[in-house]
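What follows is a structure written as structure tokens; I'll ask about it next.
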Amino acid sequence: MTSGSTVATSGAPARDSSTHHIVISPNCSLTPKTTLVFLGATGGATFLVAGVMASKGLWPILPFAGLEVALLIWATLHSIRRGRDREILEIDANTVSVEFIRGPHRQITVFPRHWTKVKLRAPLHGLHPSRLTLESQGRTCEVGAFLTEDERSGLAGRLRQLIGKV
């Protein structure tokens, strides 16, 4: 299941000594083997209880148990797919580029470093998360939407340090 995230930073030179990479990815703790164990145990327990109830004459429970297990499988597989998403930030002397990898789709946004502002916007409502955006010349790009509040705040500080002030 997806919760938390991973932020990996690298100050190591890629093309020149002033290039920095930050890779942001959701934390997906289920491996293929643990996914099968989880789904097998949960589905097995559900069908065991449904079978016992059906043997006592409560047969209408069987389709609902099947629907429940099907929805659990769908949600788990969706979560695993989302766990493969990545955001790769590359900051060099002249540009700030953000590459979004969402399944088979890739999108790259490039900003001039000198004009790029890092903004951590407070949530509009108490239960909503804050938003971390990179802004330049009328364009806005949100990064780290799946991060926790502490991780998002830490990333904002790191980006401000690397990008600098306008």
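Read the figures in this text as sums done on the coordinates, not as results from a lab. Here the structure is a predicted model, which is why all the values come from computation and not from measurement. When we count neighbours, we look across all protein chains shown, and the Cβ atoms used for this are built from the backbone with ideal geometry, even at glycine.
Calculate, for residue 70 and residue 148, the FRET efficiency according to 1/(1 + (r/R0)^6) with r their C-beta to C-beta distance and R0 35 Å; round to the nearest 0.05.
Calculated transfer efficiency: 0.70.
Still on this structure, please answer the following. Using +1 at the Cβ of each Lys and Arg and -1 at the Cβ of each Asp and Glu in the chain, identify which of 107, 41, 53 lies farthest towards the dipole's positive end.
About the Cα centre, the residue reaching furthest to the positive side is 107.
Scan the chain and report its longest stretch carrying no trypsin sites (Lys or Arg not before Pro) that are both in a DSSP loop and have at most 15 other Cβ atoms within 10 Å. Could the numbers behind the result be given before it?
Values: sites that count: 15, 56, 84, 165.
With trypsin sites (Lys or Arg not before Pro) excluded where exposed in loops, the chain gives 85-164 as its longest stretch.
Relative to the longest principal Cα axis of the chain, at what angle does helix 149-163 sit, 0 to 90 degrees, rounded to 10?
Around 20 degrees separate the two axes.
Then there's this: Give me the dipole magnitude in Debye, nearest 20, for the chain about the Cα centre, with unit charges on the beta carbon: positive for Lys and Arg, negative for Asp and Glu.
Charge dipole of the chain: 200 debye, to the nearest 20.
Taking the Cβ of residue 151 as the center, what net charge do the other residues with Cβ under 14 Å away carry, scoring Lys and Arg +1 and Asp and Glu -1?
On the way: positive: 131, 152, 158; negative: 87, 149, 150.
Overall, the nearby charge balance is 0.
Taking N as the number of residues in the chain, what is its Cα Rg relative to 2.2 N^0.38 Å?
1.43
Let me ask something else about it. According to the Cα gyration tensor, what semi-axes, each the square root of 5 times an eigenvalue, does the equivalent ellipsoid of the range 109-166 have, listed from largest to smallest in whole Å?
Largest first, the range 109-166 gives 20, 13, 9 Å.
Using only the alpha-carbon atoms, how far is helix 61-82 inclined from the longest principal axis of the chain? Give it as 0 to 90 degrees, nearest 10.
So the inclination is approximately 20 degrees.
Which ordering of 146, 47 is given by a fewest-first count of other beta-carbon atoms within 10 Å?
47, 146
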